[in-house]
Amino acid sequence: MLQNIPISKISKDKNLHTNFINSKINDFNLKCNIYKGDFYSDTFNFFLIDKNFKTFKNLFIRDFYQNTEHYFTNNFFNNLKENIEKLKEFKNIFILGSSAGNNYYSNLIQFIPRIFYIKENNIKIAIHRNSSVKFRNFIKYILKNKKIDFSFVYLDDGFYKFTDCQFPQFFNIANSNLILKKFLKPKSFNSKDKKIYVTREDSSYRKIVNEADIIPILRSKGYKIINPQLYTIDQQIQIFSEADKIIGAHGSNLSNIIFCKPETEIFEIGPEFKKEHEKIFENRYNILAKINNLKYKRFITDTVPVGNHSELSRKYIDKDILSNSNYYKNLIVKLNDIKAI
């Protein structure tokens, strides 16, 4: 079976210690541990396993709620050993990674903060093939500002062998928040759009069914309707940073509240999360609001089933969860909630 090594033991083990680079950014105290050497990893959780079948859960868990129990079973271990010679190999690349489902929250908060610890001026960067053009352009935007020449390596679903590669640790949400605010500071342009409503009209679930009824109400209150699909990521960051009031359905686009000014009012519209597997989403944006000193309120909606989920949703999410979870349904907003804002 795999053996998990706590951080406290890494520095005491000479063989392990030599595989870790402690990367530091000038004038910023938060360091990043980067594993450099030979290892294996999947492309869903991006959970590093070294060539001696050791893991480092404290450093390579993407999310506090991530379940890693299956990695420590005999079945997983035996399957990995049996197929290890068949794994496709990559050499000398930086494993940035990205969400297999192209989830913006994961891409922005879990993966992007690690990019700022690249030290080379010319490098190959591995991301999942499902990543959007918009996300790839955002990476180009960041690395252009850092004056780093690079090329992409695209990973498909599955396990890979990595030789002489770099794998940076994942940060907790508070530290990711610090890094993003430090290095993605928007330029102030004094926009007149101080009140915005963020629509999910192009999403496959959690769309607001009666949006046509609430938009006239919001416009009468001075809200501008924003469709994030029409903006680059750096433009979205700018829009959120200028707003004083933001209304939007529960969804990854609300990750941009990281860049809001303190005291900005956030009104999240979302369903009641009743099932245990939904609880990880319930307070996601409330936590971000608290970290950034924002005023947060949540409105509970009714839900209606989605007729046809996207191909990516059907690929990565259990059929029963898609059918029964409120997270994957559309929303009906109570008009009185909107009128009361």
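The values are calculated or read from the model by the stated rules, or taken from the named source; none is laboratory data. All values derive from a computational prediction rather than experimental measurement. Positions of Cβ are generated from backbone atoms using ideal geometry, with glycine treated the same way; all protein chains shown enter the neighbour counts.
Overview of values
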| quantity | calculated |
| --- | --- |
| Which numbered condition K9 fails, given (1) under 27 Å from the mean Cα position of the chain (by Cα); (2) more than 15 Å from F167 (Cβ to Cβ) | (1) |
| Selection count, the range 262-282, where residues are more than 15 Å from the chain's Cα centre (by Cα) and modelled with pLDDT under 95 | 11 |
| Options F28, F77: the member that is farther than 30 Å from R314 by Cα, modelled with pLDDT under 95 and touching a helix residue (DSSP H, G or I) at 6+ places or on another chain (Cβ under 9 Å) | F28 |
| From the options Y40, Y35, residue that is farther than 21 Å from R129 by Cβ, among the hydroxyl-bearing types (S, T, Y) and at pLDDT 95 or above | Y35 |
| Cross-chain or 6+ apart pairs with Cβ under 8 Å, the range 165-176 first and touching a residue at least 12 places away in the same chain (Cβ under 8 Å), then in a strand (DSSP E or B) and polar (S, T, N, Q) | F167/S41; P168/S23; P168/N33; Q169/N33 |
| Qualifying residue in the range 94-106 (condition: buried (at least 21 other Cβ atoms within 10 Å of the Cβ), of a type in the set (F, W, Y) and part of a strand (DSSP E or B)) | yes |
| Filter pass, P305 being over 24 Å from S132 (Cβ atoms), touching a His at 6+ places or on another chain (Cβ under 9 Å) and at pLDDT below 95 | no |
| Pick from the range 117-134, criterion outside any strand (DSSP E or B) and either in contact with a Leu (Cβ under 9 Å, 6 or more places away or on another chain) or without any contact (Cβ under 8 Å) to a residue 12 or more places away in the chain (or both), ranking: farthest from F281 (Cα to Cα) | I118 |
| Selection from the range 322-341 of residues that are part of a helix (DSSP H, G or I), in contact with a helix residue (DSSP H, G or I) (Cβ under 7 Å, 6 or more places away or on another chain) and free of Cβ contacts under 8 Å to residues at least 60 places away in the same chain | L322, N326 |
| Any hit, the range 186-193, residues being acidic (D, E), touching a residue at least 40 places away in the same chain (Cβ under 8 Å) and on the phi < 0 side of the Ramachandran plot | yes |
| Entirely in the range 203-302, the helices (runs of 4 or more DSSP H) that have 1 or more residues that are surrounded by fewer than 22 Cβ atoms within 10 Å (Cβ to Cβ) and assigned by TED's automatic domain parsing to the domain that holds G101 | none |
| Pair list, Cβ < 8 Å and 6+ apart or interchain, from the range 12-27 residues that are assigned by TED's automatic domain parsing to the domain that holds I115 and closer than 18 Å to I115 by Cβ to residues that are surrounded by 13 or more Cβ atoms within 10 Å (Cβ to Cβ) and aliphatic (A, V, I, L, M) | I21/I34; N22/I34; S23/I34 |
| Tally, over the range 154-195, of residues that are closer than 14 Å to I237 by Cβ, at pLDDT 95 or above and in contact with an Asp or Glu (Cβ under 9 Å, 6 or more places away or on another chain) | 0 |
| Unique match (being closer than 30 Å to N79 by Cα, assigned by TED's automatic domain parsing to the domain that holds D38 and crowded, with 17+ Cβ neighbours inside 10 Å) among F135, F150, F162 | F162 |
| Selection status of L312, at pLDDT 95 or above and surrounded by 14 or more Cβ atoms within 10 Å (Cβ to Cβ) | no |
